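Participant: Structure in structure tokens, see below.
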Amino acid sequence: MKTFHITTFGCQMNEHDSEIMAGMLMEKGYAPADSRDSADIVIFNTCSIRENADKRFFGTLGTLKKRKMAEREAFTVCVCGCMMQQQHIIDTLKAKFPWVDVVFGTHNLHELPKLLDNLYTEKKKQLEVWPDGGEIVEGLPAERLFKHKSFVNIMYGCNNFCSYCIVPYTRGRERSRKPEDIVAEVKRLVADGVKEVTLLGQNVNSYKGCGEKGQADFTDLIYMLADIEGLERIRFMTSHPKDLSDKLIEAFKNCDKLCKYIHLPVQSGSTKVLKEMNRKYSREHYLELVKKIKTAVPEITISTDIIVGFPGETEEEFEDTLKLAEEVGYDSAFTFLYSIREGTPAARREDQVPEETKHERFNRLVDLINSTSAQKNAEYVGRVEKVLVDGASRSKDSVYEGRTDGFKLVNFLGPEGLEGKIVSVKITDSNTFSLSGEMVRE
Ligand code: SF4
């Protein structure tokens, strides 16, 4: 029996793709290895979001050459993911890493078992990168990281072409799954012990599923899933402010299973920068959305993504971002230094912001976000929160960690066997990134 090991770079989409690859391989009789060094098949699931990601990836890949040369056919090296959808990466692979055995992209991930079969039977390298998405393949198995929660892809690709982003080029145009296929998958997951699903898409708000009963939008889909008995929590990732509907905001109020947490990427607080980013909303529109959300659900937690140092960003425009972040009062934020993505419109701009300025602005933003997060977390002290227990804390032995409905990370002491259960925890302390507390016995 051959063993495999997958190294995953990047976002939840990639994480879930890796779960699917693991599921397909295990169904075919391959077994997971404990480490990359002990695996017969090594797979790299790549990401192209970060600058220099390719250099780092090729560096890691290069470390396998010696083993490959020594073990030859007994050791298989596969690479896949977003990076492989870019021609210059494929060219580099062919030129500098000809010993890689199997290469495939985001669109034909389901072909991995077949590509391995071909490799082993025909004894020749497999290079299969599809340029476009084609039909959505249903019914793929997945080897989940957690028994009690799962990612569920509801759509693939993106039509938005934000001027800094490579995703529409690597994951293709938007394609939504049929609502009944998603409902059937979630029912299967719930029957297998899942209590929480996170619906995944680059822009879930533009989901349009054409089903047996006509077209369903994202909010319709949430209500369909909420009807599934045994499913306790529904989350989603990621929203685009331009497509966030009043209907979805109402659902936060009316649908108990929809977690009271929204990740709403703003990217910049300056309308001019947002226009240049091709985000298709203004600062005012974004703030109006936040107001509506908070009015509908005052206890909601909000996180965001912010890019610092987009080409041409002035000090004043950056200060608009700081002011917006202060006004919204984010519970948390993913902050990024703008970095060039080859092939995107923003990469061609000549008014790139100097690195030093970007770093200085970044630090100011992080200070503000951290201080707001700490304040927001402190408000939880004394409250009792329902926590879905993920397992033992990574930082401390004998301490559990889990998430509240609002996606706050909670550490607490508890008896054995709580993993996957929803328990009540009284919050006794807080810091910038997490809460801690004591389990309340009911
Ligand atoms: S919405 Fe914009 S940032 Fe998000 S994946 Fe699509 S193009 Fe990229």
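Participant: Which one is nearest to the ligand (Cβ to nearest atom) among residues in region 284-296 that are touching a residue at least 24 places away in the same chain (Cβ under 8 Å) and open to solvent by 40 Å² or more (accessible area, probe 1.4 Å)? Quick ask: steps written out before the conclusion?
Facilitator: Taking region 284-296 first, the residues touching a residue at least 24 places away in the same chain (Cβ under 8 Å) are 285-287, 289-290, 292-293, 296.
Subsequent filtering for residues that are open to solvent by 40 Å² or more (accessible area, probe 1.4 Å) retains 285, 292.
Values: 285: 16, 292: 21 Å.
Among those residues, the one meeting the criterion is 285.
Participant: Taking helices (runs of 4 or more DSSP H) that fall entirely within region 166-280, which contain at least 2 residues that are closer than 29 Å to residue 145 by Cβ and more than 16 Å from the ligand (Cβ to nearest atom)?
Facilitator: On the way: elements: 167-171, 179-191, 218-226, 246-254, 271-276.
Passing ranges, in order: 179-191, 218-226, 246-254.
Participant: What are the residues in region 341-372 that are in a helix (DSSP H, G or I), open to solvent by 60 Å² or more (accessible area, probe 1.4 Å) and not acidic (Asp, Glu), if any? Reasoning before the result, please.
Facilitator: Residues of region 341-372 in a helix (DSSP H, G or I): 345-348, 355-372.
From the residues that got through so far, the ones that are open to solvent by 60 Å² or more (accessible area, probe 1.4 Å) too are 348, 355-356, 359-360, 363-364, 367.
348, 359, 363, 364, listed by residue number.
Participant: Here is a follow-up. Tell me yes or no: at least one residue of region 117-137 is open to solvent by less than 20 Å² (accessible area, probe 1.4 Å) and assigned to a loop (DSSP other than H, G, I, E, B).
Facilitator: Yes, some residue in region 117-137 is open to solvent by less than 20 Å² (accessible area, probe 1.4 Å) and assigned to a loop (DSSP other than H, G, I, E, B).
Participant: Looking only at residues in region 297-312 that are within 30 Å of residue 379 (Cα to Cα) and within 16 Å of the ligand (Cβ to nearest atom), which one is surrounded by the fewest Cβ atoms within 10 Å (Cβ to Cβ)? Spell out how you get there, then give the answer.
Facilitator: Step one: list which residues in region 297-312 are within 30 Å of residue 379 (Cα to Cα), which gives 297-308.
Cutting the leftovers down to within 16 Å of the ligand (Cβ to nearest atom) gives us 303-308.
Details: 303: 19, 304: 24, 305: 14, 306: 22, 307: 25, 308: 24.
Here the answer is 305.
Participant: Next up: What about residue 321, is it of a type in the set (Val, Ile, Thr) and under 30 Å from residue 380 (Cα atoms)? Full working, then the answer.
Facilitator: Numbers: of a type in the set (Val, Ile, Thr): yes; under 30 Å from residue 380 (Cα atoms): yes.
Answer is yes for this residue.
The values are calculated or read from the model by the stated rules, or taken from the named source; none is laboratory data. Computed from a prediction, not measured in an experiment: that's the story for all the values here. FYI the Cβ positions are ideal-geometry reconstructions off the backbone, even for glycines, and counts take in every protein chain you see. Surface areas here come from the heavy atoms of the whole protein model, side chains and all, with no ligands, DNA or RNA. Shrake-Rupley method; radii C 1.70, N 1.55, O 1.52, S 1.80 Å.
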